[in-house]
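Enquirer: Quick one: this structure, given as C-alpha cells, is what I'll be asking you about.
The values are calculated or read from the model by the stated rules, or taken from the named source; none is laboratory data. Please read all numbers here as calculations on a predicted model, not as lab measurements. Positions of Cβ are generated from backbone atoms using ideal geometry, with glycine treated the same way; all protein chains shown enter the neighbour counts. Only protein heavy atoms, including side chains, enter the accessible area calculation; ligands, DNA and RNA are left aside. Shrake-Rupley method; radii C 1.70, N 1.55, O 1.52, S 1.80 Å.
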Amino acid sequence: MRIVRFSDGSSPKYGFLKDDSTRIFVLRGDPLFSKIELSGEVFELDEVRLLSPVIPRSKVVGVGRNYAAHVAEMGSEIPAEPVFFIKPNTSVIGPDDPIVLPSWSNHVEPEGELAVIIKTVAKDLTLDAVDDVVFGYTIGNDVSARDKQKLDGQWTRAKGFDTACPLGPWVVVDPDLDVDNLRLTTTVDGQVRQDDSTSSMIVGVRELVVAASQTFTLLPGDVILTGTPAGVAPIHPGDRVDITIEGIGTLSNPVVRR
C-alpha cells in the first residue's frame, strides 16, 4: 500500500493507492494521527498534485558517511558510530517542487537516500522493536551545499536550508519490503550519478533506527534519512534530479536559482 498526501486544488488530503493502481482512495485524516477511515472520495493520480507525504512535526534525522564508497570519495574515514545531524522541517518539499539553490553557495549536490517514517514515540529501541515503530518508507534527497559544509565544519547551514529535503512520492507500507537490499539510483537530466544498493550501508536500516532512538526521542512523523551512496556531483539551474528506489518509486525535482 502507498500512502499519499496530495492537493486537488483545496486543502491537502491523504489517501492510499493499492499495489500498482492509479486510484487514490481518500482518508478522513492524517493516518499518522487519525484512525484509518475512508471519506468516500476517489481521485485518479493524474488529477492531483502530490505533496511531501509527511511534514515532520519534529525533525528529520540525517545520517552521514554510511556508504564506504561515498566516505572514500569525500576523503573521509569510516566512522566508528553513526554520524547524525538534523534537517529542519522547513527544508522539506515534495515531488516536482523546485530545489532552490541558495545565493550563498556555488556547489550544491543531491544525495539520494532511503527514508524511514516513524509512527509512534520511540526511545532506546531494541532491534526487535523497530518494525513496530516504523510507519513506512519513502525516498529522500539530502541536498547539500558542499562548499559551505567544508567551510563551516558543521552541517546545519549546508544541509538545512529551505528546499534541501525533498521527500516522496509516497510512503510505502509493506512489511515484506526488503529495505536492506534495494537498488538506489540518482540521475541528473537522465545521466546516472549514483547506482548502488542499500545492502552497501555500513550500518543497516534497523540498526540506524535503534541508534537514532538512543540519541533522540523519536516522534510520530519524524523522518530518518539513511545515508547516500557514492556519485555525488554538483547540480545547476535547469537540471532535474530523479531518485529511484526499488520497490518504492521515483522522486523527481527540478533545480532553480533564486
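Enquirer: Considering each residue of region 124-143, count those that are of a type in the set (D, E, K, R) and closer than 30 Å to Pro110 by Cα, and give that number.
Expert: Qualifying residue count for the region: 2.
Enquirer: When residues of region 145-170 are filtered for being under 30 Å from Gly249 (Cβ atoms) and either touching a strand residue (DSSP E or B) at 6+ places or on another chain (Cβ under 9 Å) or of a type in the set (A, V, I, L, M, F, W, C) (or both), how many remain?
Expert: Selection size over region 145-170: 17.
Enquirer: Any idea which of (1) under 30 Å from Thr156 (Cα atoms); (2) open to solvent by 20 Å² or more (accessible area, probe 1.4 Å); (3) touching a residue at least 40 places away in the same chain (Cβ under 8 Å) is the one Pro12 doesn't satisfy?
Expert: If we test Pro12 against (1) under 30 Å from Thr156 (Cα atoms); (2) open to solvent by 20 Å² or more (accessible area, probe 1.4 Å); (3) touching a residue at least 40 places away in the same chain (Cβ under 8 Å), just (3) comes out false.
Enquirer: Where the second residue is open to solvent by 20 Å² or more (accessible area, probe 1.4 Å) and at pLDDT below 95 and the first is assigned to a strand (DSSP E or B) and lies in region 52-72, which pairs have Cβ atoms under 9 Å and are six or more apart or on separate chains?
Expert: Matching pairs, first to second residue: Gly64/Ser76.
Enquirer: I'd like the residue in region 39-54 that is of a type in the set (Val, Ile, Thr) and open to solvent by less than 30 Å² (accessible area, probe 1.4 Å) and, out of all such residues, is nearest to Tyr14 (Cα to Cα).
Expert: Val54
Enquirer: Residues that are in contact with a Gly (Cβ under 8 Å, 6 or more places away or on another chain) and open to solvent by 70 Å² or more (accessible area, probe 1.4 Å): does region 55-70 have at least one?
Expert: Yes, that holds for at least one residue.
Enquirer: I need a count of the residues in region 211-249 that are hydroxyl-bearing (Ser, Thr, Tyr) and under 15 Å from Gln191 (Cβ atoms).
Expert: Of the residues in region 211-249, 1 are hydroxyl-bearing (Ser, Thr, Tyr) and under 15 Å from Gln191 (Cβ atoms).
Enquirer: Taking region 156-189 only, how many residues are under 13 Å from the mean Cα position of the chain (by Cα) and of a type in the set (Gly, Ala, Ser)?
Expert: Counting residues in region 156-189 that are under 13 Å from the mean Cα position of the chain (by Cα) and of a type in the set (Gly, Ala, Ser) gives 2.
Enquirer: Just name the residue that is modelled with the lowest pLDDT out of those in region 20-36 that are open to solvent by 80 Å² or more (accessible area, probe 1.4 Å) and farther than 17 Å from Phe135 by Cα.
Expert: Asp20
Enquirer: Could you please find all residues in region 181-216 being open to solvent by 40 Å² or more (accessible area, probe 1.4 Å) and either assigned to a helix (DSSP H, G or I) or closer than 12 Å to Val130 by Cβ (or both)?
Expert: Listed by number, the residues that qualify are Ser199, Ser200, Arg206, Glu207, Gln214, Thr215.
Enquirer: Does Pro220 satisfy the condition of being modelled with pLDDT of 95 or more and closer than 22 Å to Val205 by Cα?
Expert: yes
Enquirer: If I ask for residues that are surrounded by fewer than 23 Cβ atoms within 10 Å (Cβ to Cβ) and aliphatic (A, V, I, L, M), which ones from region 154-178 would you list?
Expert: Val172, Val173, Leu177
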